[in-house]
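Since the structure comes first, as structure tokens, the remarks are kept for the end.
The values are calculated or read from the model by the stated rules, or taken from the named source; none is laboratory data. Bear in mind that the values here come from a model prediction, so they are computed numbers and not experimental data. Because the Cβ atoms are built from the backbone with ideal geometry, glycine has one as well, and the counts that use them run over all protein chains shown.
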Amino acid sequence: MKNKQENGLYSIGAISSMTGVNAVTLRAWERRYGLIQPQRTETGHRLYSDKDLEAIQEVLSLLDQGISISRIKNALETTSDSKEARPSHWVTYSKDLQTGVNNFDEQVLNQVYNEAMSLYPVDVVTRELIIPFMKKLGQRWEKVSTGIAEEHFFTSFMRNKLGARFHHRNQQNSGPQIIAACLPGETHEFGLLLLSLALHARNYRIIMLGADMPIEQLSEVRYRTIASGLVLSGATKIKEEKTFQQLTELVNEIDVPVCIGGVVSDEMKNEINATGAHAVGSELIEGLNKITQLIDFEE
């Protein structure tokens, strides 16, 4: 994929695809924090140099270390590698989300979510905020009288948010197509949605099939769409032997990678790999990296 223009600079769309940082976030980093200073065309369009690309990658590295966006510029200038044990801004975001959930107030959730997504890459927001908060809600449901209602409320909110992003980004993305579905019997698709959103941020196009997908239909879906790979997800152990047989048949029928994530890929790694599929684990970033290595832009 060629990203550079004839003048050796990158458009904001190219930079977004290469780094996984969306255009809204890139503009916030420029305007609010002065982290990057792209050139402008006569018509006002931003153009980024290799130096800007390196700066963005360094910002991402510092964010991965847990340094807040407000401290990044100072960290870049002083080359400090100090870390925060649990950055206060994520704690604040989590408390605000909890307030919104407690009051069943979608407006509060919307404000927190939009602010976090405007300042941080989707991978960071997912890892530092959404996943920990979902685990927290999962621990509350047995202890709080409205725990199940709270969890359903937040999950419904996030599903709507992710769905809107899918619809918007699928019209803009130009990378390989990936079929995303839950294994047979799996009704919890939230983890798959988060992984798919992270893949979206890397310019992949997602064909979302959702929960409880029969494996025997996936081969036909692949050939109708000419997808470059499949990502399946499951939270519980595979109990039926025929599922492994169907996975083996699927791998043999199609010529693209079949990746399986979620808790099942940790607990049944050997059995999954024996079918020819790839167990990518339950950790979001680790799994994401493995998938992008298997389903790259060279295909």
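Tabulated values for the structure
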quantity	calculated
Breaking point among (1) modelled with pLDDT of 90 or more; (2) buried (at least 20 other Cβ atoms within 10 Å of the Cβ), for residue 199	(1)
Wholly within segment 101-148, helices (runs of 4 or more DSSP H) carrying at least 3 residues that are surrounded by fewer than 21 Cβ atoms within 10 Å (Cβ to Cβ), touching a Phe, Trp or Tyr at 6+ places or on another chain (Cβ under 9 Å) and among the hydroxyl-bearing types (Ser, Thr, Tyr)	none
Residues within segment 116-135 that are closer than 15 Å to residue 157 by Cβ and of a type outside the set (Val, Ile, Thr), tallied	5
Residue list for segment 261-299, restricted to those being among the small types (Gly, Ala, Ser), more than 18 Å from the chain's Cα centre (by Cα) and in a loop (DSSP other than H, G, I, E, B)	276, 277
Candidate set: segment 149-161, residues that are surrounded by 14 or more Cβ atoms within 10 Å (Cβ to Cβ) and charged (D, E, K, R); chosen: the one nearest to residue 203 (Cα to Cα)	161
Test: residue in segment 45-55 that is loosely packed, with under 13 Cβ neighbours inside 10 Å, more than 14 Å from residue 119 (Cα to Cα), modelled with pLDDT of 85 or more and in contact with a helix residue (DSSP H, G or I) (Cβ under 9 Å, 6 or more places away or on another chain)	yes
Residue pairs meeting the criteria (Cβ under 7 Å; at least 6 apart or on separate chains; first over 16 Å from residue 200 (Cβ atoms), in segment 105-127; second among the hydroxyl-bearing types (Ser, Thr, Tyr) and part of a helix (DSSP H, G or I))	108/99; 112/93; 116/93; 118/25; 119/25
Qualifying residues in segment 122-174 (those that are of a type in the set (Gly, Ala, Ser) and at pLDDT 85 or above) - the one nearest to residue 66 (Cα to Cα)	156
Segment 6-44, residues that are farther than 18 Å from residue 119 by Cβ, hydroxyl-bearing (Ser, Thr, Tyr) and not in a helix (DSSP H, G or I)	10, 11, 41, 43
Residue in segment 252-298 that is surrounded by the fewest Cβ atoms within 10 Å (Cβ to Cβ), counting only those that are of a type in the set (S, T, N, Q) and under 18 Å from residue 204 (Cα atoms)	293
Matching residues in segment 92-128 - criterion: being under 19 Å from residue 165 (Cβ atoms) and of a type in the set (Asp, Glu)	106, 115, 123, 128
